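S.K.: Please read through the structure below; I'll follow up with questions.
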Amino acid sequence: MTLFDTHAHLDQAEFAADLAAVLDRAAKAGVEQMVSIGVGALSSEATVALAAAHAPIYAAVGIHPNYCHEAQPGDWDRVGELARRPKVVALGETGLDRYRDYAPIELQRDYFDRHVRLSQATGLPFLVHARESLDDILAMLREARARGPLSGIMHSFTGSAEVAAECVALGMYVSFAGMLTFKKSDELRAVAATVPADRLLVETDSPYLAPEPLRGKRNEPALVEHTARRLAVARGVSFAELAAQTTANARRVFRIA
Ligand SMILES: [Zn+2]
């Protein structure tokens, strides 16, 4: 059984003391590969260093919508340089967040647009964070799709089946996180059942939002198994089939052999 955690923040302080044990538990759970996601220039440098040091870790580099107002001159250029490093497989995370609203929305749009254009120039997929902003994001994705093909992932997806279908039609993958396992998430599980098998991904978003039955604890890549098992039930397929399909999808979108 092989699983792939497509979204974790392993450079965060929560993992500073015991990353080796975290990776060990991931391996035991069958999580052979994972992508650690940067949220700013320094965080992106840290994820690239983690990828260089640990075989299962790949890196994504970018500036998160909730931190783009803190970006210093030169930070975006640094992201562009880091994007060319070995084991960097994606750009982000990027997107729009009207829920937290830390950065002015126009600045968030500017940074989202930069990630999408860099993705179209480099072929690296971009990772989309969406909170109370799916309409705006869809509008920007449609505009970008008119310029050329899109490759990206809707991370920790919580939208409707209609939005998921349009994202897929635009070329995106759809990734589900721990929220899928929560008792009240029947609607989200119904949405997850509609996503085409070849565009489906699983993630933890570690260290945040651990799945049931570990809700409230620190999340880590090994726990992606809980989300994958629940997703398999929702889709009426075996866990083995779901694991193989989502792992193949992750390796395809990140272009990992
Ligand atoms: Zn994230």
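S.K.: Identify, please: which residue in region 120-144 is in contact with a Gly (Cβ under 7 Å, 6 or more places away or on another chain) and away from the ligand (no atom under 16 Å from the Cβ) and is, among those, nearest to Arg252 (Cα to Cα)?
M.R.: Restricting to residues being in contact with a Gly (Cβ under 7 Å, 6 or more places away or on another chain) and away from the ligand (no atom under 16 Å from the Cβ), the top hit is Gln120.
S.K.: I need the full set of residues from region 24-77 which are more than 21 Å from Arg114 (Cβ to Cβ), assigned to a loop (DSSP other than H, G, I, E, B) and not hydrophobic (A, V, I, L, M, F, W, C), in order please.
M.R.: Once the filter is applied, which keeps residues that are more than 21 Å from Arg114 (Cβ to Cβ), assigned to a loop (DSSP other than H, G, I, E, B) and not hydrophobic (A, V, I, L, M, F, W, C), region 24-77 yields Gly30, His54, Pro56.
S.K.: Taking into account only those residues within region 145-172 that are of a type in the set (S, T, N, Q) and within 15 Å of the chain's Cα centre (by Cα), which is nearest to the ligand (Cβ to nearest atom)?
M.R.: Across region 145-172, the extreme among qualifying residues is Ser156.
S.K.: Condition check: among the hydroxyl-bearing types (Ser, Thr, Tyr), farther than 24 Å from Ala197 by Cα, touching a residue at least 24 places away in the same chain (Cβ under 8 Å) and touching a helix residue (DSSP H, G or I) at 6+ places or on another chain (Cβ under 9 Å). Does Ser151 satisfy that?
M.R.: no
S.K.: Exactly one condition in (1) touching a strand residue (DSSP E or B) at 6+ places or on another chain (Cβ under 9 Å); (2) of a type outside the set (Lys, Arg); (3) surrounded by fewer than 19 Cβ atoms within 10 Å (Cβ to Cβ) is false for Ile153; which is it?
M.R.: So the condition that Ile153 fails would be (3).
S.K.: For region 92-113, which positions are within 13 Å of the ligand (Cβ to nearest atom) and not in a loop (DSSP other than H, G, I, E, B)? Can you show your working first?
M.R.: From region 92-113, those within 13 Å of the ligand (Cβ to nearest atom) are 92-95, 97, 100; that's our starting set.
Once the filter is applied, which keeps residues that are within 13 Å of the ligand (Cβ to nearest atom) and not in a loop (DSSP other than H, G, I, E, B), region 92-113 yields Gly92, Glu93, Thr94, Gly95, Asp97.
S.K.: Which number in (1) of a type outside the set (Val, Ile, Thr); (2) away from the ligand (no atom under 16 Å from the Cβ); (3) surrounded by fewer than 19 Cβ atoms within 10 Å (Cβ to Cβ); (4) touching a residue at least 12 places away in the same chain (Cβ under 8 Å) marks the one condition that Leu209 misses?
M.R.: Answer for Leu209: the failing condition is (2).
S.K.: If I filter region 188-205 for residues that are at positive phi, of a type in the set (D, E, K, R) and touching a strand residue (DSSP E or B) at 6+ places or on another chain (Cβ under 9 Å), do I get at least one hit?
M.R.: yes
Every number here is computed from the coordinates shown, using simple stated rules; none is lab data. Model, not experiment: these values are computed from the prediction. Using ideal geometry, Cβ is built from the backbone for each residue, glycine included, and neighbour counts are taken over all protein chains shown.
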